[in-house]
1. For the subset of the stretch 140-162 comprising residues that are touching a strand residue (DSSP E or B) at 6+ places or on another chain (Cβ under 6 Å) and assigned to a helix (DSSP H, G or I), which member is nearest to Val421 (Cα to Cα)?
2. If I filter the stretch 86-131 down to residues being of a type in the set (Lys, Arg) and within 20 Å of Thr435 (Cα to Cα), which single residue comes out as surrounded by the most Cβ atoms within 10 Å (Cβ to Cβ)?
3. Does Leu189 satisfy the condition of being under 19 Å from Leu310 (Cα atoms) and either touching a residue at least 24 places away in the same chain (Cβ under 8 Å) or not aromatic (Phe, Trp, Tyr) (or both)?
4. Could you grab me the full set of residues in the stretch 202-224 that are part of a helix (DSSP H, G or I) and either closer than 14 Å to Tyr297 by Cβ or modelled with pLDDT under 95 (or both)?
5. Only one of Val125, Val146 is within 24 Å of Glu424 (Cα to Cα) and either within 16 Å of the ligand (Cβ to nearest atom) or out of contact with any Pro (no Cβ under 8 Å at 6 or more places or on another chain) (or both); which?
6. Of a type in the set (Lys, Arg) and in contact with a strand residue (DSSP E or B) (Cβ under 9 Å, 6 or more places away or on another chain): is that true of Arg97 in this structure?
7. Only helices (runs of 4 or more DSSP H) wholly contained in the stretch 256-332 count here; list those with 3 or more residues that are farther than 26 Å from Asp67 by Cβ.
Amino acid sequence: MTVDDAGARALPPVPPPPPPRAAPGSGGPGRARQDAVYRAGALGRRPRVPTDPAGLERAARRRMSRDAWAYVAGGAGSGATMRANRAALDAWAIVPRVLRDVTARDLSVELFGHRYPAPVLVGPVGAAALVAPDADLAIARAAASVGLPYVFSNQGCAPMEQTAAAMGDGPRWFQLYWSKDEELVDSFLGRAERAGAQAVVVTLDTTLLGWRPMDLDRGLLPFVRGLGLAQYTSDPRFRELVRERLARSEQPGRPLRVTPGAVRTLLAMSRAYPGSTWANLRSREPRAAVETFLDAYSNPALSWDHVATLRERTRLPVVLKGVLHPDDARRAFDLGVDGVVVSNHGGRQVDGAVAAAEALPRVREAVGADRTVLLDSGIRSGADVVKALALGADAVLLGRPSVYGLAVAGEDGVREVLENVVAELDLTAGLAGVTNWDDGAELLLHACFSPGRRVNVAYRPVSNQ
Ligand code: GLV
């Protein structure tokens, strides 16, 4: 035996490394939200906004007018597409991975050179003033307070400049409906750039309005009542079109029969139109604006040729929304667009359309890992966001839930909904063993049975690598 051997034998056994300690302050948005809710609960206060999506929807319905509910919650035809959107997400199960040290979680994503705190955008919702006055401003402020990008609706109820001013530095995108008037398209694009939009989302699936029984049965199209036209009535080119229309004819449209409904509509139009309601009631302009809008919205002739002109017309990244077929997605990127949103417009356009979450993996496969692909339609919770990312999305758009939050508790309600979704996303990702979206973290989904069908893809890595 050598001295060295003897010395080595004398050494105490090496202790196992101490378990890694949680970094201070690393609770993340999930823990922070739980803390806030449970501490308030200990003092006897419950959240105003239900934290589960079904409860949120019920609470919102109780507070919304029948018109508002029909417009927001309604979908195309029998509602099959809305149901399919949910079923396609429910058909997947997350397979959590364990023992991966998820103390520090980074939910942030980068889209078009901008980093956002979570892969969630607040989607555009038209005519939200049906739900609450100053709806767009409330949603914008709430989104800004959580740092999530808000996509200004082309059918919004406040001019984009006013909405932008309300949200300070909060990130914003702009949704464009391609009007029949090309100068109006340019005017919208220019205004969006000046209002600080970080991308333009061109909605492709509404070249005609879908067949929506809940609205039809109430004879309700908000735009006909002058609601959701604020981007138009604040636009110099649109105002020019209105003036031209008035100059062409003494009568802006068919004469109105004076009925209680007609008076209500006239009042709504006059309130929604810029300027004093009293002056508007005596002016022909508000009604001419509605008629001008109905002529210009939207553009059934829209084609790939139109989209091809966009590169020359804006410096903003261009994102096409409403893409469901892999060939359309491929063609979009071949044309030089910057991203696509896989969406069926929340099931509002085509009854029996393919579910967005079902189309997503095929689109991702067709365009490859490096393209920006977002998902919209059917997302209700943080767990849904996790599934969407696992199915190939870079981020999602949240539509109806933020409007439901607005109905329940105004701006605070929207903020709570957004915080809840991000909190659940954070906790679900962590519990699934995921600490960020790129770093080779594998998020596994297991296809499970849904009534009548089976989704065939078994496992997909979230990193798309
Ligand atoms: C318009 O975008 C609508 O879905 O009503």
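The values are calculated or read from the model by the stated rules, or taken from the named source; none is laboratory data. These numbers come from a predicted model, not from an experiment. Counting neighbours? That spans all protein chains shown, and the Cβs are built from the backbone with ideal geometry, glycine included.
1. Within the stretch 140-162, the first condition is being touching a strand residue (DSSP E or B) at 6+ places or on another chain (Cβ under 6 Å), and the residues that meet it are 140, 143, 148-154, 160.
Right, trim to assigned to a helix (DSSP H, G or I) and you get 140, 143, 160.
Working: Ala140: 17, Ala143: 12, Met160: 26 Å.
Looking at the filtered set, the residue picked out is Ala143.
2. Taking the stretch 86-131 first, the residues of a type in the set (Lys, Arg) are 86, 97, 100, 105, 115.
Those left that are additionally within 20 Å of Thr435 (Cα to Cα): 97, 100, 105, 115.
Details: Arg97: 15, Arg100: 13, Arg105: 21, Arg115: 10.
Top of the filtered list is Arg105.
3. On the way: under 19 Å from Leu310 (Cα atoms): yes; either touching a residue at least 24 places away in the same chain (Cβ under 8 Å) or not aromatic (Phe, Trp, Tyr) (or both): yes.
Criteria met by Leu189.
4. Pro222, Phe223, Val224 - these are the residues of the stretch 202-224 that are part of a helix (DSSP H, G or I) and either closer than 14 Å to Tyr297 by Cβ or modelled with pLDDT under 95 (or both).
5. On the way: Val146 fails: either within 16 Å of the ligand (Cβ to nearest atom) or out of contact with any Pro (no Cβ under 8 Å at 6 or more places or on another chain) (or both).
None of the others qualify; the one that does is Val125.
6. yes
7. Numbers: elements: 260-272, 277-281, 285-296, 304-308, 310-313.
Filter on the stretch 256-332 gives 304-308, 310-313.
Yes/no matrix, rows are residues, columns are (1) more than 16 Å from the ligand (Cβ to nearest atom); (2) out of contact with any helix residue (DSSP H, G or I) (no Cβ under 7 Å at 6 or more places or on another chain):
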{"site": "Pro159", "(1), (2)": "yes, no"}
{"site": "Ala164", "(1), (2)": "yes, yes"}
{"site": "Met167", "(1), (2)": "yes, no"}
{"site": "Phe174", "(1), (2)": "no, no"}
{"site": "Glu183", "(1), (2)": "yes, no"}
{"site": "Asp186", "(1), (2)": "yes, no"}
{"site": "Arg194", "(1), (2)": "yes, yes"}
{"site": "Ala197", "(1), (2)": "yes, yes"}
{"site": "Asp205", "(1), (2)": "no, no"}
